[in-house]
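One structure is given here, and the rest of the page talks about it.
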Amino acid sequence: MKFRKIAALTAALMCVCSAAGCGGSSKNDSAVTTVKKVAVDDTDLIEDIPEDADHEILWMGTYDLNPKEGQDKSVEMTLFNNKGGKVKYSQVIDSEKFDKLAAAIMSKKDVPDIFKYEWLAFPCQVVKDMYQPVDSIVDFDSDLWKDTKDSADQFVLNGEHYVAPISFSVGTLMMYDYSVIENEGLDDPYELYQNGEWNWDTWYDMMNTFCSNATDGQTRYGINGWFQTQLIQQTGKTMINYDKETNTFVSNLSDPDIERAENLLYDIGKKGFVDTDWKGNANNALKDGNTLFYCMGTWAMTGNNGPKEGDDWRVVPIPSDPNTDEKYMTSDMLAYMWVKGSTKSEAVKTWYECCRIANTDATYRENGKEKFLNANPAWTEDMYQVFLDASSTEYKQVFDYGYGISGTLSDDNSNEDGNSITRKLYEFTNKTDDSGHQYTWSELRETYSATVDTELKAINEAIKTYISKQGN
């Protein structure tokens, strides 16, 4: 069965308020945008929550899983409500979410039942005893979960699974204005993608031509947004590797494929192809026609952030590495961690199952598609299909544990300059520092390799201690 994640797109649309972007509107705003509701049938593949069990789970997060006024309810929430479940929302802001979670666990007061999986969850927060294993509520040999077992096995400590993957989706897409492509006489990236010719070489040539065609006084860019990590991972390689047999993390900074990708990023940065300013969304990046591609998650391309009536915008995945025949994609994994201290096993189990079936059953996937296209009428079915295809098991989903090791290595908020070392390793050959210096990969690797080794040694020791406390 292919994993084709509807939830990332529908979550993106659920985050879109009647004002521009997320979180900006209130009930006092002039209007509430109402989208056409899509009926969702119940399923007998999931049992009701037992009458004598707690039916309400507490969700701590930066957004509400329940629909806002005027929005359609998600498929998974509809199913969960049908099974007797409710979700209570505990709101936190992004910069404080981990501290708030840790404080709740320590105080044993208002402990959330579920918390969104993020990179720091494994192994960093697992060894801090913030989550509990899911094996007692998830049967990875069952029909519903068996296709996730290989991925779930990547998040095992001491023989126990800490993550139950709901689904996988491509982390970013490249959006472009087809009218600009046509006016410049360039090949359509979507057609190149359809023909298996969308790779680093064709992408580079296209940006080079576009930027070279700038008229006097005009500044053009090939790309804006977040694409560096995804480009490097098209090689199938990551900065940090994990040996699950020995529960050990090791550095992979000397890999020649990573160096080759980093050199490409350095080159396009040096040539001025990259607009490093933060634009916020596709509308801002593409509106003047001076930037060829905008790369970001779907949240920045949907709702008020996306195309409007009359726009002929299109999307393609990250261009592939021409040196490999494998299809790789930097993956966003949807999962909900079971928080340490939660006792609502039946309700959490049912929530997991509702989310899982909403993202795998053909009928519910079609419900999700209809909900999305109703809310984003300027997105074509071809655009939607690109997202689905790039999120499918035709692609090998790539995770880098470097984002889950420690605050220094993995957490932007823990670093004074707002960039974790793993982020720097992926992105800084493509940028200049405050003095205008652009790092080569050799310089970047030499600057941070010792710190990487130190952080890996610390997490490996923490894992040994954690396992020993489990009685082994």
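The values are calculated or read from the model by the stated rules, or taken from the named source; none is laboratory data. Bear in mind that the values here come from a model prediction, so they are computed numbers and not experimental data. When we count neighbours, we look across all protein chains shown, and the Cβ atoms used for this are built from the backbone with ideal geometry, even at glycine.
The combined condition, being at pLDDT 90 or above, among the aliphatic types (A, V, I, L, M) and within 30 Å of residue 46 (Cα to Cα), is not fulfilled by residue 170. Does at least one position in the stretch 123-144 carry a residue that is surrounded by 16 or more Cβ atoms within 10 Å (Cβ to Cβ), touching a residue at least 60 places away in the same chain (Cβ under 8 Å) and part of a helix (DSSP H, G or I)? Scanning the stretch 123-144, I find no residue that is surrounded by 16 or more Cβ atoms within 10 Å (Cβ to Cβ), touching a residue at least 60 places away in the same chain (Cβ under 8 Å) and part of a helix (DSSP H, G or I), so the answer is no.
Specify the residue that is farthest from residue 356 (Cα to Cα); the eligible residues are those in the stretch 76-90 that are among the charged types (D, E, K, R) and surrounded by fewer than 21 Cβ atoms within 10 Å (Cβ to Cβ). The selected residue is 88.
The helices (runs of 4 or more DSSP H) found entirely in the stretch 375-472 include none that carry 2 or more residues being under 30 Å from residue 303 (Cα atoms) and of a type in the set (Ser, Thr, Tyr). If you check residue 455 against the conditions, is it among the acidic types (Asp, Glu) and under 17 Å from residue 251 (Cα atoms)? Against the criterion (among the acidic types (Asp, Glu) and under 17 Å from residue 251 (Cα atoms)), residue 455 qualifies.
If the condition is being aliphatic (A, V, I, L, M) and more than 21 Å from residue 334 (Cβ to Cβ), then the stretch 46-90 contributes 49, 53. Based on what the data block shows, is residue 114 in contact (Cβ under 8 Å) with a residue 12 or more places away in the chain and closer than 27 Å to residue 464 by Cα? Criteria met by residue 114.
Checking 267, 277, 216 one by one, the residue that is part of a loop (DSSP other than H, G, I, E, B) and either under 23 Å from the mean Cα position of the chain (by Cα) or closer than 18 Å to residue 318 by Cβ (or both) is 277 and no other.
The lone criterion from (1) assigned to a helix (DSSP H, G or I); (2) in contact with a Leu (Cβ under 7 Å, 6 or more places away or on another chain) left unmet by residue 222 is number (1). Cβ separations smaller than 7 Å between residues 6+ apart or across chains give the following pairs from the stretch 377-395 residues that are within 29 Å of residue 237 (Cα to Cα) to residues that are of a type in the set (Ser, Thr, Tyr) and at pLDDT below 90: 391/169. Please indicate, with yes or no, whether at least one residue in the stretch 133-153 is modelled with pLDDT of 95 or more, of a type in the set (Val, Ile, Thr) and more than 18 Å from residue 350 (Cβ to Cβ). No: zero hits. Scanning the stretch 233-256 for residues that are in a helix (DSSP H, G or I) and under 19 Å from residue 447 (Cα atoms) gives a single hit, 256. Across the stretch 150-209, the qualifying residues are those that are polar (S, T, N, Q) and touching a Phe, Trp or Tyr at 6+ places or on another chain (Cβ under 8 Å), and the one among them that is farthest from residue 247 (Cα to Cα) is 208. Within the stretch 440-451, residues that are within 11 Å of residue 254 (Cβ to Cβ) reach partners that are surrounded by fewer than 15 Cβ atoms within 10 Å (Cβ to Cβ) with beta carbons closer than 7 Å, at six or more positions or on different chains, in the pairs 441/263. Candidates are the residues of the stretch 386-422 that are of a type in the set (D, E, K, R) and buried (at least 20 other Cβ atoms within 10 Å of the Cβ); the one that is nearest to residue 266 (Cα to Cα) is 400. Residue 272 fulfils the conditions (1) over 21 Å from the mean Cα position of the chain (by Cα); (2) at negative phi; (3) not β-branched (Val, Ile, Thr) except for a single criterion, (2).
Residue pairs whose Cβ atoms lie under 6 Å apart, sitting 6 or more positions apart in sequence or on different chains, and linking a residue in the stretch 150-170 that is in contact (Cβ under 8 Å) with a residue 60 or more places away in the chain to a partner that is in a strand (DSSP E or B) and among the hydrophobic types (A, V, I, L, M, F, W, C), are 165/333; 166/334; 167/334; 168/333; 170/329. For the stretch 408-422, the set of residues classified as out of contact with any Lys or Arg (no Cβ under 8 Å at 6 or more places or on another chain) and free of Cβ contacts under 8 Å to residues at least 24 places away in the same chain consists of 414, 415, 416, 417, 418, 419, 420, listed by residue number.
Taken as a whole, the condition of being of a type in the set (Ser, Thr, Tyr) and surrounded by fewer than 24 Cβ atoms within 10 Å (Cβ to Cβ) applies to residue 363. Scanning the stretch 299-336 for residues that are out of contact with any helix residue (DSSP H, G or I) (no Cβ under 8 Å at 6 or more places or on another chain) and part of a strand (DSSP E or B) yields a count of 1.
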